[in-house]
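The values are calculated or read from the model by the stated rules, or taken from the named source; none is laboratory data. For clarity, every value in this text was computed on a predicted model and none was experimentally measured. Note that we place each Cβ from the backbone using ideal geometry, even for glycine, and neighbour counts take in every protein chain shown. To get the accessible areas, we keep the full protein, side chains included, count just its heavy atoms, and leave off ligands, DNA and RNA. Shrake-Rupley method; radii C 1.70, N 1.55, O 1.52, S 1.80 Å.
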Amino acid sequence: MDTKPTREEAWQILTEHVKSENLLRHALAVEGVMRHMARKRGADEEEWGVIGLVHDVDYEEHPEEHLQHAPAILRAHGWPEPYIRAVLAHGWGLCTDVEPVTDLEKTLYAVDELTGLVAAAALVRPSRSVMDLPVKSVRKKWKDKAFAAGVDRSVIQRGAEMLGVELADLIADTIEGMRSVADRIGLGG
């Protein structure tokens, strides 16, 4: 592929391999946050967005072998190696040994799990929305280890440290990014 993958191409690949509405919503949430973070950093919003969108492309078909099949799927569509590396880096220490080194990779690593916690925190609010979700509500849920127990808080914390940002700021940015896609991910209220 001589050109960068487009969002349309990324969505087509994702929906070939992912049918679960929840997993598609997660992908859209991560894409929204990645685009927000790219804009904030003056980075390539399209690149960050499409990588965020396809980051779990092999998860539904191969949950026990997550990220072992993603490179072949993306290479078959001619995706650039830096994009593939970024997808692999989000599983660092969990299912890959590809350590995040770029800002994009570190951001994807940090926000992937965090979108799940933010979504869960929004769903227990009366509004069931991220539109009125304050950072303090997510921080409170963060401390309750039984709440969204599947969210690996150590990954989020490590990601914030790699980015050199405070956890509260990372949560605020994640909420803001998810607000941009709130209706598409079922959290618009």
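From the residues in the range 157-176 that are among the acidic types (Asp, Glu) and part of a helix (DSSP H, G or I), which one is nearest to Asp112 (Cα to Cα)?
Once the filter is applied, the top-ranked residue is Asp173.
Given (1) modelled with pLDDT of 95 or more; (2) in a loop (DSSP other than H, G, I, E, B), where does Ser154 come up short, assuming only one miss?
Failing condition for Ser154: (2).
Out of the residues in the range 136-166 meeting the condition of being open to solvent by 40 Å² or more (accessible area, probe 1.4 Å) and among the aliphatic types (A, V, I, L, M), tell me which one is nearest to Glu176 (Cα to Cα).
Val165
Quick check on the range 108-123. Is at least one of its residues of a type outside the set (A, V, I, L, M) and over 24 Å from Glu64 (Cβ atoms)? Even if it seems obvious, please write down each step before you answer.
Going through the range 108-123, the residues of a type outside the set (A, V, I, L, M) turn out to be 109, 112-113, 115-116.
When the remaining residues are screened for being over 24 Å from Glu64 (Cβ atoms), the result is none.
No, that holds for no residue.
For the range 47-59, state whether one or more residues are of a type outside the set (Lys, Arg), more than 22 Å from Asp169 (Cβ to Cβ) and surrounded by fewer than 20 Cβ atoms within 10 Å (Cβ to Cβ).
yes
What about Val101, is it closer than 22 Å to Trp48 by Cβ and out of contact with any His (no Cβ under 9 Å at 6 or more places or on another chain)?
yes
Can you name every residue in the range 16-43 that is in contact (Cβ under 8 Å) with a residue 40 or more places away in the chain and of a type in the set (D, E, K, R)?
Lys19, Arg25, Glu31, Arg35, Lys40, Arg41
Restricting the range 1-27 to residues that are crowded, with 19+ Cβ neighbours inside 10 Å and of a type in the set (A, V, I, L, M, F, W, C), which is nearest to Pro63 (Cα to Cα)?
Val18
Whether any residue in the range 104-123 is assigned to a loop (DSSP other than H, G, I, E, B) and among the hydrophobic types (A, V, I, L, M, F, W, C) is what I want to check.
No, the conditions are met nowhere in the range 104-123.
With the checklist (1) modelled with pLDDT of 95 or more; (2) out of contact with any Gly (no Cβ under 6 Å at 6 or more places or on another chain); (3) assigned to a loop (DSSP other than H, G, I, E, B) in hand, flag the one item Met131 doesn't pass.
Unmet for Met131, out of (1) modelled with pLDDT of 95 or more; (2) out of contact with any Gly (no Cβ under 6 Å at 6 or more places or on another chain); (3) assigned to a loop (DSSP other than H, G, I, E, B): (2).
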